[in-house]
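**Q** One structure, as structure tokens, below. Some questions next.
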Amino acid sequence: DTEVTQTPKHLVMGMTNKKSLKCEQHMGHRAMYWYKQKAKKPPELMFVYSYEKLSINESVPSRFSPECPNSSLLNLHLHALQPEDSALYLCASSQRDYRTYEQYFGPGTRLTVT
Amino acid sequence: QKEVEQNSGPLSVPEGAIASLNCTYSDRVSQSFFWYRQYSGKSPELIMSIYSNGDKEDGRFTAQLNKASQYVSLLIRDSQPSDSATYLCAVNGGSGGSNYKLTFGKGTLLTVNP
């Protein structure tokens, strides 16, 4: 089973709203990731959690705030976003294997900021 | 700065033909190599991983890795219209201290014509 689930599938929010994206995996993976993908571009890494600790922050603006409550869950809290933040937000997970790090993506949340 | 280069395409092949997708990477000490398939509006799906020089076959897919040439390819035999998608080459490991970070190519759009 290589399933990563994400909710909601679609989200429309105003620039003054606060919302959260959720991600869950039950594969026993100990690394989880947030990516942002714009149309016709590859995914861009935002954050990496390893063993529930933030391992990488790719200089993401503070209006994006990640949280990893436990090894199966990953949240992305959104506040005061800009229209240019509209994109597909992807969660992924991987085993913490020194060699492979195969990453499996969830279906994504399509975010529109108005 | 690690780079992964792919022909953007579009690559158009007739149904039943072999589709050949190519990728080069700049970081000589990269360790793990992946091919993702992404249908329009969907998330990337991992279809092949390869770690050692040579060929790796899985059904109609064959991945080829040549570390000396810093080259990885994906062959799709007996191409089907359902193979029409963007194919993303991704590389991780190597220098820079982080095996978590995937570097993606820009993707090759494949169209299989019935």
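The values are calculated or read from the model by the stated rules, or taken from the named source; none is laboratory data. Bear in mind that the values here come from a model prediction, so they are computed numbers and not experimental data. Backbone-built Cβ (ideal geometry, glycine too); neighbour counts: all protein chains shown. Note: accessible area is taken over every heavy atom of the protein model, side chains too, but ligands, DNA and RNA are not part of it. Shrake-Rupley method; radii C 1.70, N 1.55, O 1.52, S 1.80 Å.
**Q** With every protein chain left in place and a probe of 1.4 Å, what is the accessible surface of A:HIS77, to the nearest 10 Å²?
**A** 60 Å²
**Q** Apply the Debye scattering formula to chain A, with a single equal point scatterer on each alpha-carbon and no solvent, then give log10 I(q)/I(0) at q = 0.13, 0.14, 0.23 Å⁻¹.
**A** Log-scaled intensity ratios, in q order: -0.44, -0.52, -1.36.
**Q** Continuing with this model, one more query. Find which of B:SER79, A:LEU54, B:LEU109 sits farthest along the positive direction of the dipole of the protein assembly as shown, computed with +1 on the beta-carbon of Lys and Arg, -1 on that of Asp and Glu, about the Cα centre.
**A** Sorting the options by dipole projection puts first A:LEU54.
**Q** Next question, about the same structure. Select from A:GLU58, A:GLU67, A:GLU24 the residue whose mean-square fluctuation is largest in a Gaussian network model of chain A (Cα-Cα springs shorter than 10 Å).
**A** Taking springs between Cα atoms under 10 Å, the residue moving most is A:GLU58.
**Q** Further question: Report the Cα centroid-to-centroid distance between the range A:5-27 and the range B:44-95 in angstrom, as an integer.
**A** 31 Å
**Q** Sorted by accessible area with a 1.4 angstrom probe, largest first, how do A:THR16, B:THR24 fall?
**A** Greatest to least solvent exposure: A:THR16, B:THR24.
**Q** Relative contact order, percent, of the range B:11-114 when contacts are C-alpha pairs under 8 Å separated by at least 6 residues? Intermediate results must be reported in sequence, preceding the final value.
**A** Values: 241 pairs, mean separation 37.9, N = 104.
Once divided by the residue count of the range B:11-114, the mean separation gives 36 percent.
**Q** Looking only at chymotrypsin sites (Phe, Trp or Tyr not before Pro) in DSSP loops with at most 15 other Cβ atoms within 10 Å, what is the longest site-free stretch of chain A?
**A** A:1-50
**Q** Can you compute log10 of I(q)/I(0) for the range B:29-74 with the Debye formula, treating each Cα as one identical point scatterer, at q = 0.14, 0.25, 0.30 Å⁻¹?
**A** -0.35, -0.88, -1.09
**Q** What whole-number value in cubic angstrom gives the convex hull volume per residue for the C-alpha atoms of chain B?
**A** Roughly 93 Å³ of hull volume per residue.
**Q** Another question about this same structure. Hey, any idea what the orientation-averaged projected area of the convex hull of the protein assembly as shown's Cα atoms comes to, in nm²?
**A** 12.3 nm²
**Q** With every protein chain present, what is the per residue accessible area of chain B (1.4 Å probe, Å²)?
**A** Numbers: 5220 Å² over 114 residues.
It amounts to 46 Å² per residue over chain B.
**Q** Separate question: When only the heavy atoms of the protein chains count and the probe is 1.4 Å, how do A:ARG30, B:ARG28 rank by accessible area, highest first? Don't skip to the end; give the middle numbers.
**A** Numbers: A:ARG30 80, B:ARG28 150 Å².
So the residues, ranked largest to smallest area, are B:ARG28, A:ARG30.
**Q** Let me ask something else. With unit charges on the beta carbons (Lys and Arg positive, Asp and Glu negative) and the dipole taken about the Cα centre of the range A:39-81, which residue among A:SER65, A:PRO42, A:LEU78 sits farthest to the positive side?
**A** Sorting the options by dipole projection puts first A:PRO42.
**Q** Dipole of the protein assembly as shown (Lys/Arg Cβ +1, Asp/Glu Cβ -1, origin at the Cα centre): which of B:SER49, B:SER26, B:PRO14 lies farthest to the positive side?
**A** With unit charges placed on the Cβ atoms, the residue in question is B:SER26.
**Q** Taking the inverse of the average 1/r across all pairs of different Cα atoms in the range A:1-58, what Kirkwood radius in Å do you get?
**A** Its Kirkwood hydrodynamic radius stands at 13.4 Å.
**Q** Now a separate question. Leaving out same-chain residues fewer than 8 places away, which lysines sit with a Cα under 24 Å from that of A:LYS36?
**A** A:LYS9, A:LYS18, A:LYS19, A:LYS22, A:LYS53, B:LYS2, B:LYS42, B:LYS101, B:LYS106
**Q** Follow-up question, since we're still on this one. Looking only at GluC sites (Glu not before Pro) in DSSP loops with at most 16 other Cβ atoms within 10 Å, what is the longest site-free stretch of chain B? It would help to have the intermediate numbers written out before the result.
**A** Values: sites that count: B:GLU3, B:GLU15.
With GluC sites (Glu not before Pro) excluded where exposed in loops, chain B gives B:16-114 as its longest stretch.
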